[in-house]
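The next block holds one structure in the form of structure tokens; read it before the comments.
The values are calculated or read from the model by the stated rules, or taken from the named source; none is laboratory data. The model shown is predicted, which means the values in this text are computed figures rather than measured ones. Every residue, glycine as well, gets a Cβ built from its backbone with ideal geometry; the counts of neighbours run over all protein chains shown. In case anyone asks, the SASA skips ligands and DNA or RNA and just uses the protein heavy atoms, side chains included. Shrake-Rupley method; radii C 1.70, N 1.55, O 1.52, S 1.80 Å.
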Amino acid sequence: MEKTPNRTLITTALPYANGPVHIGHLAGVYIPADIYARYLRMRGREVLMIGGSDEHGVPITIKAKAEGVTPQDIVDRYHAIIRDSMAGLGISFDVYSRTTSELHSQTASEFFRRLYDKGEFVEKTSMQLYDEEAGQFLADRYVTGECPHCHAQGAYGDQCEKCGTSLNATDLINPRSAITGAVPVLRETHHWYLPLDRWESRLREWILEGHKEWRSNVYGQCKSWLDLGLQPRAVSRDLDWGVPVPVEGAEGKVLYVWFDAPIGYISNTKEIRPDDWEQWWKSPDTRIINFIGKDNIVFHCIVFPAMLMAYGDGYQLPDNVPANEFLNLEGDKISTSRNWAVWLHEYLRDFPGKQDVLRYVLTANAPETKDNDFTWRDFQARNNSELVAILGNFVNRAIVLTHKYCDGRVPDAAGALTDTDRAALAEVTDLRDRMADLIEGFHFRDALRLAMDIARTGNRYLQETEPWKTVKTDPARVDAILYTALQICGALAVVMEPFMPFMSERLAAMLSMTRLDWDAAGSAGILAPGTALGSPELLFDKIEDEQIAAQTDRLARIKKENTLKAWHPEPVAEPVDFDTFCRGDLRVGTVTACVKVPKADKLLQLTIDDGTSEPRTIVSGIAAWYAPEDLVGRQVCFIANLPPRKLRGIESQGMVLSAIDRDGRCVVMGPTAPVAPGVRVQ
């Protein structure tokens, strides 16, 4: 069960260094972890927040092969991008390291060797897919094929991105090597396995009995795995990129990334705290919190804890694993491979100085209990109608009025507060306390909503007290009003710091605050009388339609590119005999007139010279691609012997032949050189 810790170790899922960080990563892991770490530090608790890049695994080697560079080149590039963009967003890691470091290699090797020497592994021989052209076994994403569940093409050997089902490479239908495109064969290989079933009863007791307070998605997924019965899991792979398996006879084998990566939490802690790292991992006085996305639940709640149990030596298990659900983008699943994402480093370039806006929107719309959707229109609306119109508006009014009526200093009015003033401050204090309870319980979205309620309280208070009117009749009363309003501003600088640290820093500077004290937020006295305020500055500015259009246009281009890449011809229809085919009478005709069909957006009425004495009328659903005048004079192919059919009251005497291209365009078919109207297509 949860305990009151002397110290808290916060770990964040290690992002693959095969691409930049996107908003799904931020909403799922890094912003929630940063909110929690900043809050605990503000409360005076000892905290370490550990992060780093996961630099081993098949996706990295595939990207390196595609670009013709080494895996080290790939991870060096993306580690720097991830590290710098995280810092740019204010993610306050105490260390952000990497799993290609020598210290990590030593730590992971020692971890494996201890388990090996203790007899905690089983060695098994199995049949795995092998690429004879490349001369290597194919692990995970080196294999693609048809998903056996949803039958999508291009599923990977570890997961189908369309339906999300976890797979084994041997599950795929019609598998092919991602290296050469060859059809792989099965060959015998051996690997080391961690027998999770040995730890099933202890894991069941620890999770199902000891942590019923965990989020339902985490608890439920763990229960499902445990109820199905745990099986041994491989901890090695046939690859040449990774931490080599440190035993004899393991040439060409490396530690499987899901064994290797979580050990990075330990090695990164050693890097930042070489002398006392063990107290962060082995002391009962340390509380360990793993921030992850829902796709990592099994590894952090079952596999890694089983590894720690097998190692022994006092390693503590996580006290909570607050995993978020997924964030979608404009109604579609975020995908690195399809470039369907908002990349953090690009956001920081496109929206300079608006780090807090992204932090705010991703927290306000956080997928804490279910998948949520990010849209650029919602991003704009939240900035303009909430940050600008509510939070920024209140702070600006309070500081501008103080400069106007009180010479820019906090009035000395603490002893002149009315019941109205004290009620406003009491409301702020109550909201602060409720926020603390929510943050402690990992309900960051609701906590942010209460923080904004403090700004709403301030706006309502100014509207009710109307200092711009009261100054004419009772100047002394204005001092008490602005004193109260400034205390609320000070409270906002404090409670918003975990969520929007850049704004909080600017607001604190305007208020001449040198220390942010959570417990003082909302109380009369967080800003001392006589304190000189800085010049008022707008905390937020509006985001214009043109800025949003640039982002939505970019996504439209990416969607079109993805549609083209994903296109493949439809399967050939069932065979028909030649006589049946010949029964269809295909002719060439010349369009002599064309008009839109009234009250039908998709239909055009074509008049066609088909070589007979009477013109032919055909109604065709091609109005989205052709204007009537574009078709007049053109020759088209059509089926002449279809039974007439009425469409919108017009008798259509055939069907114009057309093709739908892979980008969705409709192209009307016709001869490449002029022919006589009525000529038959052979």
Q) Within segment 23-34, can one find any residue that is outside any helix (DSSP H, G or I) and either over 21 Å from Leu327 (Cα atoms) or out of contact with any Lys or Arg (no Cβ under 8 Å at 6 or more places or on another chain) (or both)? A) no
Q: Identify, from the list Gly164, Gly157, the residue that is farther than 19 Å from Phe304 by Cα, open to solvent by less than 40 Å² (accessible area, probe 1.4 Å) and out of contact with any helix residue (DSSP H, G or I) (no Cβ under 7 Å at 6 or more places or on another chain).
A: Gly164
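For (1) open to solvent by 30 Å² or more (accessible area, probe 1.4 Å); (2) touching a Lys or Arg at 6+ places or on another chain (Cβ under 8 Å); (3) aliphatic (A, V, I, L, M); (4) within 30 Å of Ser335 (Cα to Cα), each residue gets a yes or a no:
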residue: His568; (1), (2), (3), (4): yes, no, no, yes
residue: Pro571; (1), (2), (3), (4): yes, no, no, yes
residue: Leu603; (1), (2), (3), (4): yes, yes, yes, no
residue: Gly621; (1), (2), (3), (4): yes, yes, no, no
Q: Check Ile639 against each of (1) open to solvent by 40 Å² or more (accessible area, probe 1.4 Å); (2) farther than 30 Å from Met510 by Cα and name the one condition it does not meet.
A: (1)
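Conditions (1) open to solvent by less than 50 Å² (accessible area, probe 1.4 Å); (2) touching a residue at least 24 places away in the same chain (Cβ under 8 Å); (3) within 17 Å of Gly522 (Cβ to Cβ); (4) among the aromatic types (Phe, Trp, Tyr), marked per residue:
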| residue | (1), (2), (3), (4) |
| --- | --- |
| Arg409 | no, yes, no, no |
| Ala426 | no, yes, yes, no |
| Leu438 | yes, no, yes, no |
| Phe444 | yes, yes, no, yes |
| Ile454 | yes, yes, yes, no |
| Thr457 | yes, yes, yes, no |
| Pro467 | yes, yes, no, no |
| Thr470 | yes, no, no, no |
| Ala480 | yes, yes, yes, no |
Q. Of the numbered conditions (1) open to solvent by less than 40 Å² (accessible area, probe 1.4 Å); (2) under 17 Å from the mean Cα position of the chain (by Cα); (3) more than 24 Å from Asp519 (Cβ to Cβ), Tyr16 satisfies every one except a single condition; which is it?
A. (1)
Q.
Considering only residues that are aliphatic (A, V, I, L, M) and either under 19 Å from Pro184 (Cα atoms) or assigned to a strand (DSSP E or B) (or both), which ones fall in segment 109-166?
A. Val122, Met127, Leu129, Ala134, Leu138, Ala139, Val143, Ala155
Q) Among all residue pairs at least 6 apart or on different chains, which show Cβ distances below 6 Å where the first residue, located in segment 290-316, is free of Cβ contacts under 8 Å to residues at least 60 places away in the same chain and more than 21 Å from Gly119 (Cα to Cα) and the second is of a type outside the set (Asp, Glu) and open to solvent by 10 Å² or more (accessible area, probe 1.4 Å)? A) Phe299/Trp258
Q) When the residues of segment 586-601 are filtered to those that are among the hydrophobic types (A, V, I, L, M, F, W, C) and under 15 Å from Pro671 (Cα atoms), which remaining residue is surrounded by the fewest Cβ atoms within 10 Å (Cβ to Cβ)? A) Leu586
